[in-house]
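**Student:** Before I ask anything, let me first share the structure, which is written out below as structure tokens.
The values are calculated or read from the model by the stated rules, or taken from the named source; none is laboratory data. Just so we're clear, the structure is a prediction, and the values are computed from it rather than from any experiment. Using ideal geometry, Cβ is built from the backbone for each residue, glycine included, and neighbour counts are taken over all protein chains shown.
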Amino acid sequence: MQRILLHACCGPCSLEPVRILRSEGIEPVIFYANSNIYPAEEYARRLATLRTWAAEEEVAVAEGAYDAEAWEAVVGRIGNAAEAKFGVICNEEGDGRGETDSEARAAWEGDGAAADGPSDARIAREARCRACYRLRFTEAARYAAEHGFDALGATLSVSPYQYTGIIREELERACERAGIEAHFEDYRPFYDEATRRSREGGMYRQNYCGCRFSEAEAAAEREQRAAERRAVREAAKAARAAERAAEEAERARKRAERQAYADRQARKRAALKALRGQRRGDHGE
């Protein structure tokens, strides 16, 4: 049976990959190597969640080194350059469908030089994520080779918010260099099931990818979505107010019409009464 080391970013994202691998007759060992996670307390919380679930499911877990300084020296440098140029990068989809070419990404990996524009913000973000994948997969592939594993897989492809194509490229790159097989699977179709299972299991579910950049981006995107929802609510409120105003104006118009009709009728009755009075006076003479 093939021995597979499964790089895992967290507990919830491990649920479906482990289930699928076991259904294929493979008993994976999870490798938690995530120096990207910020702050250290968040790293520990995710690891504790993973270990609790893994113990219940009898899945072996190995932990890599938590070296935030090494991550900052490589990935942080790229992220800092992007942040200096673009600020917090929001709404740059990372589902593998719009990934840019490797030459453009390499420009950011090299010196952070790129032209202005939304597409360049995407390039900068992809470059940062690629460097992060590369760092973690390199560590995981080295561990796998040193401990006699045949292949390395990754749970990162569960999330529709990750760059799936880049994950595959970097996983295959790391495995080729380490002399082992890359066991890549696109687990995105199982994201909803993983979400359901993790919620039902009461697992801690983080609301950002892990690094300090993604934390700021996720917060900004949540605020942006909240602002959009507020705008929709305000627009709906304004529309209802306008509708009520129009309805009230229509009711006022009808009241005015009824009053005008009543006034005309009153004038007619008054005129008839005056005419009758005049006629009676004429006859009395």
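**Student:** Can A220 be described as surrounded by 10 or more Cβ atoms within 10 Å (Cβ to Cβ) and within 15 Å of the chain's Cα centre (by Cα)?
**Tutor:** Working: surrounded by 10 or more Cβ atoms within 10 Å (Cβ to Cβ): yes; within 15 Å of the chain's Cα centre (by Cα): yes.
Yes: the conditions hold for A220.
**Student:** Since F149 meets every condition but one in (1) touching a His at 6+ places or on another chain (Cβ under 9 Å); (2) in contact (Cβ under 8 Å) with a residue 40 or more places away in the chain, which condition does it not meet?
**Tutor:** (1)
**Student:** In addition: In the set E172, E247, which member is loosely packed, with under 11 Cβ neighbours inside 10 Å and either in contact (Cβ under 8 Å) with a residue 24 or more places away in the chain or assigned to a helix (DSSP H, G or I) (or both)? Before you say what the answer is, go through the steps one by one.
**Tutor:** Working: E172 fails: loosely packed, with under 11 Cβ neighbours inside 10 Å.
Matching residue, one of E172, E247: E247.
**Student:** Another question, then. Taking R188 and the conditions (1) crowded, with 16+ Cβ neighbours inside 10 Å; (2) assigned by TED's automatic domain parsing to the domain that holds R77; (3) out of contact with any helix residue (DSSP H, G or I) (no Cβ under 9 Å at 6 or more places or on another chain), which numbered condition does it fall short on, given that it satisfies the others?
**Tutor:** Among (1) crowded, with 16+ Cβ neighbours inside 10 Å; (2) assigned by TED's automatic domain parsing to the domain that holds R77; (3) out of contact with any helix residue (DSSP H, G or I) (no Cβ under 9 Å at 6 or more places or on another chain), R188 violates only (3).
**Student:** Moving to a separate point now. What are the residues in the range 11-38 that are polar (S, T, N, Q), farther than 29 Å from R128 by Cβ and buried (at least 16 other Cβ atoms within 10 Å of the Cβ), if any? It would help to see each step written out before you state the result.
**Tutor:** Within the range 11-38, the subset polar (S, T, N, Q) is 14, 23, 34-36.
Then drop every residue that is not farther than 29 Å from R128 by Cβ, which leaves 23.
Listed by number, the list is empty, since nothing qualifies.
**Student:** When you look at E41, is it surrounded by fewer than 17 Cβ atoms within 10 Å (Cβ to Cβ), free of Cβ contacts under 8 Å to residues at least 24 places away in the same chain, out of contact with any helix residue (DSSP H, G or I) (no Cβ under 8 Å at 6 or more places or on another chain) and not hydrophobic (A, V, I, L, M, F, W, C), yes or no?
**Tutor:** Criteria met by E41.
**Student:** Can you pull out every residue in the range 211-240 that is of a type in the set (K, R) and within 30 Å of D67 (Cα to Cα)?
**Tutor:** R212, R222, listed by residue number.
**Student:** Just to check your reading of the model, which residue among A245, A174 is more than 30 Å from C10 (Cβ to Cβ) and among the small types (G, A, S)?
**Tutor:** Just a single option satisfies the conditions, and that option is A245.
**Student:** Being surrounded by 22 or more Cβ atoms within 10 Å (Cβ to Cβ), assigned by TED's automatic domain parsing to the domain that holds A144, in contact with a Phe, Trp or Tyr (Cβ under 8 Å, 6 or more places away or on another chain) and under 26 Å from R197 (Cα atoms): is that true of A8 here?
**Tutor:** Criteria met by A8.
**Student:** Which of the residues that make up the range 102-157 are modelled with pLDDT under 95 and assigned to a loop (DSSP other than H, G, I, E, B)?
**Tutor:** Within the range 102-157, D111, G112, A113, A114, A115, D116, G117 qualify.
**Student:** Within the range 34-57, take every residue that is assigned to a helix (DSSP H, G or I) and among the hydrophobic types (A, V, I, L, M, F, W, C) and give me the one that is farthest from the chain's Cα centre (by Cα).
**Tutor:** Ranking the candidates gives A55 first.
**Student:** Among the candidates E200, E170, single out the residue that is within 25 Å of A44 (Cα to Cα), in the same structural domain as A33 (by TED's automatic domain parsing) and among the acidic types (D, E).
**Tutor:** Answer to the selection: E200.
**Student:** Let me ask something else about it. Give the residues of the range 1-29 that are part of a strand (DSSP E or B) and within 29 Å of the chain's Cα centre (by Cα), sorted by residue number.
**Tutor:** First, pick out the residues of the range 1-29 that are part of a strand (DSSP E or B): 4-7, 29.
Passing the criteria: L5, L6, H7, V29.
**Student:** Return the residues of the range 192-216 that are without any contact (Cβ under 8 Å) to a residue 40 or more places away in the chain, buried (at least 16 other Cβ atoms within 10 Å of the Cβ) and part of a helix (DSSP H, G or I); say none if nothing qualifies.
**Tutor:** Hit for the range 192-216 is S214, nothing else.
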